[in-house]
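Contents: one structure, followed by commentary.
The values are calculated or read from the model by the stated rules, or taken from the named source; none is laboratory data. The structure displayed is predicted, hence computed values, not measured ones. Cβ sites come from the backbone with ideal geometry, for glycine too, and all protein chains shown count toward neighbours. Ligands, DNA and RNA are excluded from the accessible area calculation, which covers all protein heavy atoms including side chains. Shrake-Rupley method; radii C 1.70, N 1.55, O 1.52, S 1.80 Å.
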Amino acid sequence: MPEPRIDACDVLVVGGGPAGLSAAVALRSAGVERVVVAEREVVAGGVPRHCAHPGFGLRDRRRAWSGPTYARRLVEDALSAGVDLRTGTMVTDWAARDEDAGGGAPGLAVPDAWVTSPLGRARVVPRAVVLATGARERPRAARMIAGDRPDGVYTTGQLQAMVHLHGRAVGSRAVVVGSAPVAWSAVLTLREAGCRAVAMVTDGPAADIPAPAAVAAQAALGVPVVRRSHVVRIVGRQRVRAVEVRHLDTGAVATIDCDTVVLTADWTPESELSARLGLEVADGFAGPRVDAALRTSRPGVFAVGNLLHPVDTADVAALDGRHVARAVAGWLSDERDRPVAARVRPGWPFAWVAPGLLAAGAGVSANERLLAWPTQRVRTPRVRVEQDGVVVAERTLRWPTAPGRAYRMPWSLLDACDPAGGDIVVGLRE
């Protein structure tokens, strides 16, 4: 077997979606010479490539492009900036600097990366690593839905890729699980494929979008919302024939005939590579814990995008990518460990809060926002920040929380917190 080639670079960016490509462009603008982006898909651009609806680029580009247009612009900008964009290229593992080429558990230095591509296996030797691997929707097995394994069950991402990238047909009657914005995106994709959404099933008392938007969407798309309910079983052996839906309050079970099921939301980070590095994990999900500068617990390793907040919009992920460039460039010029930091943890009703660290000298977060994932709808949230059991900040915000959407709070809520103190808890007043 031939020896794997060895490639050296200043920064290895793992993932060629909005966060990774934006980070690479910002790094080149900051004067970093050798920036390599490893993207496992044969075309870079990430999830927006197969999201045909408009609205991409509002925060980072001040535009409302379609997903494919937005993705194409990101790729064009990266190539114009001189980024070494390698598609069809997968980082499979890490290797410590003091190892031979046999791989194994990494040490404390910036790790080398084992990379597989059509050109063969290579060992990439970076001075810094930016993880931009994103997030995915949990499949049917992870949601513990009973039944057989017939054709016709998709996540939103799978559905959009089939329809928008490959032009494949789906069924004629679909049940959409979930009612967050991504679920309505799935309904639009189904409509384009000639498939009617006959029901949207949500465990909440209403659709997880603002009430006026929900009314307008239901009127325009004609999708009945089945509230306070769970899909508990998928019926069918070769092809989906129906789903069984249980009402959470009454326990009554109803059957809805369909030949397609779309599982939306219920996001989980693509954290396998960060787990292999042994990075400190954030509360509430398996992604790495970072500070406002997007530094992980391992010196020289940074993380951006929906790996950190599964899931927010593509433009928020792109802003992460821009934001991380300064910290990465600083590391390249003066390699230092991350300073002492206090953990930022979620309180009621948040499942997670990001960034998960308040570190001295890290500055403010991307877009000066603290992100959280609410599990309940609160019309008039009063945010409470506690450290060491003492309330250090309390503020009423004008915008309500809603399950299925990231909630944005001012970073200034942490101004009175001490990076050298104990845990910081961010929640709402009950």
* Asked: Which distance in nm do the two modelled labels at A142 and T250 give, with both placed 7 Å along the Cα-to-Cβ direction?
  -> 3.3 nm
* Count neighbours as other Cβ atoms within 10 Å of each site's Cβ, and list the GluC sites (Glu not before Pro) in segment 239-311 that are DSSP loop with at most 16 such neighbours. => E280
* Structure fact -> Env charge @ E394, Cβ radius under 10 Å, K,R +1 / D,E -1, value +3
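Counting only protein heavy atoms, what percent of the accessible surface of segment 1-64 is carbon or sulfur at a 1.4 Å probe?
Details: 1660 of 3030 Å².
On segment 1-64, the fraction of accessible area on carbon and sulfur atoms equals 55 percent.
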* Asked: What residue among G57, G88, G16 shows peak mean-square fluctuation when the chain is described by a Gaussian network model with Cα springs under 10 Å?
  -> G88
* What net charge do the residues around D257 carry, taking every other residue with its C-beta under 9 Å from that of D257, with Lys and Arg at +1 and Asp and Glu at -1? -> +1
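Quick check: residue separation of E33 and R408 times 0.36 nm, minus the Cα distance between them. What number comes out in nm? All intermediate terms of the calculation are to be shown ahead of the outcome.
Details: separation 375, 0.36 × 375 = 135.00 nm, distance 3.42 nm.
This chain segment gains 131.6 nm when fully extended.
Report the calculated FRET efficiency for S80 and R121 (r = Cβ-Cβ distance, R0 = 22 Å), to the nearest 0.05. Please list the in-between numbers first.
Numbers: r = 30 Å, r/R0 = 1.35.
Using R0 = 22 Å, I get an efficiency of 0.15.
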* To do: Express in nm, to one decimal, how much length is gained between E430 and V340 on full extension, taking 0.36 nm for each residue of separation and deducting their alpha carbon distance.
  => 29.3 nm
* **From phi via Karplus (6.51, -1.76, 1.60), per-residue ³J(HN,Hα) for segment 335-340 in Hz, x at Gly/Pro** => 5, 9, 5, 5, x, 4
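What's the extension gain from R326 to V42 if we count 0.36 nm per residue and subtract their Cα-Cα distance?
Numbers: separation 284, 0.36 × 284 = 102.24 nm, distance 2.90 nm.
Extending this stretch completely gives an extra 99.3 nm.
Within the accessible area of segment 245-322, what % is carbon and sulfur when the probe is 1.4 Å and the other protein chains stay in place? Please list the in-between numbers first.
Values: 1260 of 2470 Å².
Within segment 245-322, the accessible surface is 51 percent carbon and sulfur.
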* Assigned charges on the beta-carbon of Lys, Arg, Asp, Glu; the chain dipole about Cα centre (debye) -> 1400 debye
* To do: Could you work out how far apart the two model spin labels at A109 and E192 are, taking each label as a point 7 Å from the Cα in the direction of the beta carbon, and quote it in nm?
  => 4.7 nm
* To do: Skip the ligands, DNA and RNA, and give the accessible area per residue of the chain with a 1.4 Å probe, whole Å².
  => 44 Å²
